[in-house]
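**Student:** Quick one: structure below, then a few questions.
The values are calculated or read from the model by the stated rules, or taken from the named source; none is laboratory data. Keep in mind that what you see is a predicted model, and the values were worked out from it rather than measured. Using ideal geometry, Cβ is built from the backbone for each residue, glycine included, and neighbour counts are taken over all protein chains shown.
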Amino acid sequence: MMKRLITLVIILGIIPVFWSCTSKQERMESRLRKFISDYEANVVPLYREAALASWNANVNGTDENWAISEKASFGLAKVYTDSAAYAELKEIKESGLVKDSILARQLDLLSDYYQGGQVDPSMLAEQIRMETEISKKYSNFRATVNGTELTDNQVEEILRNSTSSKELQTAWEGHKMIGPVVAEDIITLVKHRNTIAREIGFSNYHEMTLKLSGQEPAEVTEIFDELDNLTRNNFAELKNEIDAYFAKRYKIGIADLRPWHYQNRYFQEAPEIYPVDFDKYYENQDPVKLVAAFYEGIGLNVDPIIANSDLYEKPGKNQHAFSTDIDRAGDVRTLDNVKPDSYWMNTLLHELGHGVYSWYNDRNLPFVLRDAAHTFTTEAVANMFGRFATDPRWMMKMGIIDDAESQKIAEVSKKSLRLQMLVFSRWAQVMYRFEKSMYENPDQDLNQLWWNTVEKYQMLAKPEGRNMPDWATKIHVALYPCYYHNYLLGELLASQWYSYITTNITQDQSFVGDKAVGAYMKQKIFMPGSRYKWNEMIEKSTGEKLTAKYYAKQFVE
Ligand SMILES: [Zn+2]
């Protein structure tokens with residue numbers, strides 16, 4: 001009561017002589033409280049509306065539903081373009097007077113959201129127009145191989161299955177012809193994005209994207225350097241193994257291997273050198289039942305999530321999978337197209353990992369903080385669980401295979417996951433370093449930059465004399481910019497948590513039936529939401545900041 005009176009006096013400016021630090025602080029904090037309560041009144045319903053509309057459009061993709069979804073998303077995005085609101089936040093933040101940790105954290109997040117919205121609307125419209133144009137060019141492009149037009153999936157099929165170097169090269173080169181179609185447009189777009197970034201106070205778009213999502217570029221680069229050092233030698237050894245395998249498969253010398261020999265357009269996925277067929281184990285299983293039983297067993301009930309979800313294929317439905325938190329108050333859903341195979345077992349475990357992260361948030365926290373610490377931290381939880389789908393110990397404990405079978409495939413499963421992880425990690429290095437350098441200087445020789453990076457990190461041999469915009473063939477470079485590194489950070493954190501949990505929380509490498517796992521995750525990961533910065537949350541939950549060490553320990557040594 002006393003405090004309130006003093007605050008009132010201060011606000012009215014009656015006796016400024018008696019202003020103390022504390023009362024200045026209270027005044028500023030109450031200004032922020034007012035801002036937040038107006039914000040919540042405005043945004044909570046808009047957020048829910050946008051999330052529901054997007055859900056409906058994904059479940060039933062009619063033009064009408066997509067139009068409703070687009071309108072609702074725009075309505076939410078528009079909130080953050082309010083320049084008066086941003087000025088208010090800026091003033092509060094620059095005063096340095098907000099000390100309450102919950103308020104200060106909300107202030108940081110809200111300032112970032114609004115700063116990202118302070119773009120000249122015509123600049124933003126121009127960016128969206130450019131992106132749409134490029135997007136159409138990717139969609140309409142078909143690789144022409146020996147006079148036949150091929151989809152990306154058909155190109156991938158040839159790369160995976162053909163053993164003729166000639167055919168592989170033709171398919172790979174055919175696909176790369178999208179490069180010259182979009183390269184100039186992408187460079188223009190990159191420069192445009194940089195202009196926007198500079199307008200709101202950043203040196204380039206890469207820096208802006210990372211910083212506004214709470215990541216310091218130097219911090220991310222340091223982790224990528226650490227991982228590069230930890231994986232380089234082992235990857236080189238594995239690469240020799242891969243090369244020996246392929247030289248034999250294609251009946252050519254190792255020195256003659258080229259990027260088209262690695263069963264993938266970008267060498268981003270593991271080649272199939274340790275074939276083990278996990279699908280056959282799931283043929284007679286119900287992945288939905290398995291996933292519900294597994295999460296229940298570790299003390300994370302997913303029944304309310306499953307009840308709100310859309311699990312099976314139907315016409316007009318999104319063919320992929322995602323998880324969404326409709327209202328940050330318990331309406332958590334996942335969209336899947338479940339089939340009895342290892343891919344969907346992995347996907348369900350993954351999506352419900354996102355699901356439990358949302359479902360078990362602390363509903364006493366303010367709306368802004370009832371979210372993951374970062375998109376990559378929820379990705380990490382999802383990845384950690386997803387990996388179990390091809391983990392023989394987990395499959396055995398869940399009654400999918402017997403002990404003998406589990407032991408039989410243990411070695412090859414381990415090797416295959418290790419290969420997958422190492423190949424992906426080197427590819428993610430290429431994406432992160434290329435994008436960073438491209439936004440720093442879009443006028444440099446990007447073709448050269450791309451191949452230098454590919455040679456260095458993926459250790460692939462550049463085809464003789466090649467000078468093509470091969471970087472432009474990866475759609476993420478153009479349309480999902482400066483995000484790729486989060487996939488890898490998610491994998492690193494998945495390993496860090498897995499190592500922490502199997503060392504300190506449970507004796508069981510598969511987690512099956514151990515409720516201590518769920519209790520730990522609820523308390524240390526889910527309930528804190530985004531009230532701490534991601535690295536602080538990681539430190540609080542594992543005793544260490546994010547490190548590549550455990551990923552290396554799990555997959556390198
Ligand atoms: Zn995910």
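**Student:** Would you check if residue 264 is within 20 Å of residue 417 (Cβ to Cβ), in contact (Cβ under 8 Å) with a residue 24 or more places away in the chain and among the polar types (S, T, N, Q)? Write out each step before concluding.
**Tutor:** On the way: within 20 Å of residue 417 (Cβ to Cβ): yes; in contact (Cβ under 8 Å) with a residue 24 or more places away in the chain: yes; among the polar types (S, T, N, Q): yes.
Here the answer is yes, as residue 264 does meet what is asked.
**Student:** Moving to a separate point now. Considering only residues of the stretch 87-107 that are assigned to a helix (DSSP H, G or I) and free of Cβ contacts under 8 Å to residues at least 60 places away in the same chain, which is surrounded by the fewest Cβ atoms within 10 Å (Cβ to Cβ)? Before you say what the answer is, go through the steps one by one.
**Tutor:** Of the stretch 87-107, the ones assigned to a helix (DSSP H, G or I) are 87-95, 101-107.
The next check asks that each one be free of Cβ contacts under 8 Å to residues at least 60 places away in the same chain; those that pass are 87-91, 93-94, 104.
Values: 87: 12, 88: 17, 89: 23, 90: 14, 91: 11, 93: 17, 94: 9, 104: 16.
Here the residue is 94.
**Student:** Criterion first (within 11 Å of the ligand (Cβ to nearest atom), at pLDDT 95 or above, outside any loop (DSSP other than H, G, I, E, B) and farther than 16 Å from residue 54 by Cβ) does residue 380 satisfy it?
**Tutor:** On the way: within 11 Å of the ligand (Cβ to nearest atom): yes; at pLDDT 95 or above: yes; outside any loop (DSSP other than H, G, I, E, B): yes; farther than 16 Å from residue 54 by Cβ: yes.
When the stated conditions are applied, residue 380 passes them.
**Student:** Under 6 Å by Cβ, and 6 or more places apart or on different chains, what pairs join a residue from the stretch 329-354 that is without any contact (Cβ under 8 Å) to a residue 40 or more places away in the chain and under 25 Å from residue 368 (Cβ atoms) with one that is within 11 Å of the ligand (Cβ to nearest atom) and assigned to a loop (DSSP other than H, G, I, E, B)?
**Tutor:** If the second residue must be within 11 Å of the ligand (Cβ to nearest atom) and assigned to a loop (DSSP other than H, G, I, E, B), the pairs left are 351/321.
**Student:** Separate question: Hey, could you check the stretch 315-328 for residues that are without any contact (Cβ under 8 Å) to a residue 40 or more places away in the chain and surrounded by fewer than 14 Cβ atoms within 10 Å (Cβ to Cβ) and say which is nearest to the ligand (Cβ to nearest atom)?
**Tutor:** 320
**Student:** Mind listing just one residue for me: the one in the stretch 458-470 that is in a loop (DSSP other than H, G, I, E, B) and surrounded by 19 or more Cβ atoms within 10 Å (Cβ to Cβ) and, of those, farthest from the ligand (Cβ to nearest atom)?
**Tutor:** The first filter runs over the stretch 458-470 and keeps only residues in a loop (DSSP other than H, G, I, E, B), leaving 459-469.
Applying the additional criterion that residues be surrounded by 19 or more Cβ atoms within 10 Å (Cβ to Cβ) yields 460, 469.
Numbers: 460: 28, 469: 30 Å.
For the stretch 458-470, the residue satisfying everything is 469.
**Student:** Residues of the stretch 314-337 being part of a loop (DSSP other than H, G, I, E, B), of a type outside the set (D, E, K, R) and modelled with pLDDT of 95 or more, which ones?
**Tutor:** Start the filter on the stretch 314-337 by keeping residues that are part of a loop (DSSP other than H, G, I, E, B), which leaves 314-321, 326-331, 336-337.
After this cut, where a residue has to be of a type outside the set (D, E, K, R) as well, the list is 315-316, 318-321, 326, 329-330, 337.
Answer for the stretch 314-337, where residues must be part of a loop (DSSP other than H, G, I, E, B), of a type outside the set (D, E, K, R) and modelled with pLDDT of 95 or more: 326, 329, 330.
**Student:** Please determine whether any residue of the stretch 200-220 is under 27 Å from residue 417 (Cα atoms) and of a type in the set (Ser, Thr, Tyr).
**Tutor:** No, there is no match, as no residue in the stretch 200-220 is under 27 Å from residue 417 (Cα atoms) and of a type in the set (Ser, Thr, Tyr).
**Student:** How many residues, within the stretch 339-352, are buried (at least 24 other Cβ atoms within 10 Å of the Cβ), within 13 Å of the ligand (Cβ to nearest atom) and hydrophobic (A, V, I, L, M, F, W, C)?
**Tutor:** Going through the stretch 339-352 one residue at a time, the tally reaches 2.
**Student:** Hey, can you tell me all the residues within the stretch 466-522 that are without any contact (Cβ under 8 Å) to a residue 40 or more places away in the chain and of a type outside the set (S, T, N, Q)?
**Tutor:** So the first thing to find is which residues in the stretch 466-522 are without any contact (Cβ under 8 Å) to a residue 40 or more places away in the chain, and the list is 466-467, 480, 501-507, 520.
Hits for the stretch 466-522 are 466, 480, 501, 505, 520.
**Student:** Kindly indicate whether any position in the stretch 270-291 is within 16 Å of the ligand (Cβ to nearest atom) and buried (at least 17 other Cβ atoms within 10 Å of the Cβ).
**Tutor:** The initial filter retains those residues of the stretch 270-291 that are within 16 Å of the ligand (Cβ to nearest atom), namely 291.
Remaining after also requiring buried (at least 17 other Cβ atoms within 10 Å of the Cβ): 291.
Yes, some residue in the stretch 270-291 is within 16 Å of the ligand (Cβ to nearest atom) and buried (at least 17 other Cβ atoms within 10 Å of the Cβ).
**Student:** On to the next question. If you take the residues of the stretch 386-395 that are touching a residue at least 40 places away in the same chain (Cβ under 8 Å) and in a helix (DSSP H, G or I), which of them is farthest from the ligand (Cβ to nearest atom)?
**Tutor:** Going residue by residue through the stretch 386-395, those that are touching a residue at least 40 places away in the same chain (Cβ under 8 Å) are 386-391, 393-395.
Okay, now just the ones that are also in a helix (DSSP H, G or I), so 386-390, 393-395.
On the way: 386: 8, 387: 13, 388: 15, 389: 14, 390: 17, 393: 23, 394: 19, 395: 22 Å.
Applying the filter and picking the extreme gives 393.
**Student:** Quick one: residue 414 ticks every box in (1) surrounded by fewer than 20 Cβ atoms within 10 Å (Cβ to Cβ); (2) within 16 Å of the ligand (Cβ to nearest atom) except a single one, so which number is it?
**Tutor:** (2) is the only condition that residue 414 fails.
**Student:** Further, regarding this structure: Taking the stretch 437-447 on its own, how many of its residues are out of contact with any Cys (no Cβ under 8 Å at 6 or more places or on another chain) and touching a residue at least 60 places away in the same chain (Cβ under 8 Å)?
**Tutor:** Step one: of the stretch 437-447, the residues out of contact with any Cys (no Cβ under 8 Å at 6 or more places or on another chain) are 437-438, 440-447.
Remaining after also requiring touching a residue at least 60 places away in the same chain (Cβ under 8 Å): 438, 440, 442, 446.
Adding up the residues that qualify gives 4.
**Student:** Is it the case that some residue within the stretch 72-86 is surrounded by 14 or more Cβ atoms within 10 Å (Cβ to Cβ), touching a residue at least 40 places away in the same chain (Cβ under 8 Å) and over 26 Å from the mean Cα position of the chain (by Cα)?
**Tutor:** Taking every residue of the stretch 72-86 in turn, at least one turns out to be surrounded by 14 or more Cβ atoms within 10 Å (Cβ to Cβ), touching a residue at least 40 places away in the same chain (Cβ under 8 Å) and over 26 Å from the mean Cα position of the chain (by Cα).
**Student:** Pick from the stretch 62-71 the residues that are within 24 Å of the chain's Cα centre (by Cα) and surrounded by 15 or more Cβ atoms within 10 Å (Cβ to Cβ): which of them is farthest from residue 332 (Cα to Cα)?
**Tutor:** Of the residues in the stretch 62-71, the ones within 24 Å of the chain's Cα centre (by Cα) are 66, 69-70.
Next, only the ones that are surrounded by 15 or more Cβ atoms within 10 Å (Cβ to Cβ) stay: 66, 69.
Numbers: 66: 21, 69: 18 Å.
Per the stated criteria, the residue is 66.
**Student:** From the set of residues in the stretch 353-377 that are of a type in the set (A, V, I, L, M, F, W, C) and either within 16 Å of the ligand (Cβ to nearest atom) or in a loop (DSSP other than H, G, I, E, B) (or both), which is farthest from residue 103 (Cα to Cα)? Write out each step before concluding.
**Tutor:** Residues of the stretch 353-377 that are of a type in the set (A, V, I, L, M, F, W, C), as a first pass: 356, 359, 365, 367-369, 372-373, 376.
So of that shortlist, the ones also either within 16 Å of the ligand (Cβ to nearest atom) or in a loop (DSSP other than H, G, I, E, B) (or both) come out as 356, 359, 365, 372-373, 376.
Working: 356: 25, 359: 23, 365: 11, 372: 17, 373: 16, 376: 23 Å.
The residue in question is 356.
**Student:** I'm trying to understand the selection: among the residues of the stretch 435-445, which are surrounded by fewer than 22 Cβ atoms within 10 Å (Cβ to Cβ) and outside any loop (DSSP other than H, G, I, E, B)?
**Tutor:** Step one: filter the stretch 435-445 for residues surrounded by fewer than 22 Cβ atoms within 10 Å (Cβ to Cβ), giving 436-437, 440-445.
Result: 436, 437, 440.
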